[in-house]
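Working notes for the structure below.
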Amino acid sequence: MASLEQTWGHERLVASAYDFAVHNPLVRRIGAFALWGLDARLLMDYIARLRETTAGSRVLDVPCGGGLAFASLQPNHALDYVAFDFSPVMLERAQQSAQQLGLKGIQFQQGDVGALPYEAQQFDLCQCYNGLHCFPDPQKAIQEMARVLKVGGTLRTTLVVKGAGTRYDAMICLFQWRGWFGPTCTRAALEGWLKDANLKLTDHQQSGALWMFEAVKQTPTP
Ligand SMILES: C[S@@+](CC[C@H](N)C(=O)[O-])C[C@H]1O[C@@H](n2cnc3c(N)ncnc32)[C@H](O)[C@@H]1O
């Protein structure tokens, strides 16, 4: 089966089909519930928290995919926004989407979340929607996102976790075999990684197999 790199980096059909599905409200709602028992309205409400972000904030959206997260912004948003993804296909779709929505001031950057090309403490908010279960090394991704966050900055994330039910775990195995998912993790493992990365869990909820959480970067202990 295809590797993660092959799937997300080069399989235009997979990337395009996924992106079409998440941007279409009806397909998204039916698909999310059928696959993961998720109420997609909760996911979209969660993503829409972006609108409450203070003007001038620096935001990292990784992985941006085809631009699901910034679709909740108004054209006159005043954020310093970086949309980052491994996949050139996704970035192309995200750029088209930003253009259609009339969103200006979004920078697009291709790269690997495991080696973010930024200095430490650059961002006020890091959004990571539906990415951690696709990354080859989710713990490394958490470390990198924590590194580039300012102290007091927020990591806002959603992911499919292991251990939410036999049916969902079987689906995760199928997606891993197909090369769509990486190793992913349980909630308990992730909570440990957050602690190790000096991130304090401040808010969370679960719908089906999707865990949604916010964590705030703490002052490093001397
Ligand atoms: C399921 S999609 C989620 C995209 C978007 N956040 C959304 O919710 O629609 C997973 C994304 O992770 C990206 N990705 C996979 N591995 C990556 C990596 N190592 N670094 C950055 N992005 C990666 C893929 O290209 C894909 O766009």
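Things worth noting here:
- Hits among aspartates and glutamates - C-alpha to C-alpha of Lys140 under 17 Å, sequence gap 8 or more where chains match: Glu5, Asp61, Asp85, Asp112, Glu119, Glu191, Asp196
- Under 13 Å, Cβ to Cβ, from Arg12 - net charge with Lys/Arg +1 and Asp/Glu -1: -2
- Per-residue ellipticity at 222 nm from helix content only, as computed over the chain with -39500 (n - 2.57) for each DSSP H run of at least four residues, stands at -12000 deg cm²/dmol.
- The length gained on full extension between Arg51 and Gln100, counted as 0.36 nm times the residue separation minus their Cα-Cα distance, comes to 15.8 nm.
- C-alpha center-to-center spacing [region 11-29, region 133-157] in angstrom: 25 Å
- Rounded if a/c under 1.5, otherwise prolate or oblate - region 1-134, Cα gyration tensor axes: oblate
- Note on Asp196 and Tyr118: the model spin-label points, each 7 Å out from Cα along the C-beta direction, lie 2.2 nm apart.
- Computed lengthening from Ala189 to Gln176, 0.36 nm per intervening residue step minus Cα-Cα distance: 2.8 nm
- Net length available on complete extension from Ala34 to Thr221 is 62.9 nm, with 0.36 nm assigned per residue and the Cα-Cα distance removed.
- Accessible area in square angstrom per residue, region 4-67, 1.4 angstrom probe: 51 Å²
- The chymotrypsin sites (Phe, Trp or Tyr not before Pro) of region 20-89 include none that DSSP puts in a loop with a beta carbon having at most 13 other beta carbons within 10 Å.
- Remark: spin-label model distance Asn24-Gln205 equals 2.7 nm, labels positioned 7 Å along the Cα→Cβ axis.
- Mean separation of Cα pairs under 8 Å and 6 or more residues apart, divided by the residue count, gives the chain a relative contact order of 20 percent.
The values are calculated or read from the model by the stated rules, or taken from the named source; none is laboratory data. Please read all numbers here as calculations on a predicted model, not as lab measurements. Positions of Cβ are generated from backbone atoms using ideal geometry, with glycine treated the same way; all protein chains shown enter the neighbour counts. Only protein heavy atoms, including side chains, enter the accessible area calculation; ligands, DNA and RNA are left aside. Shrake-Rupley method; radii C 1.70, N 1.55, O 1.52, S 1.80 Å.
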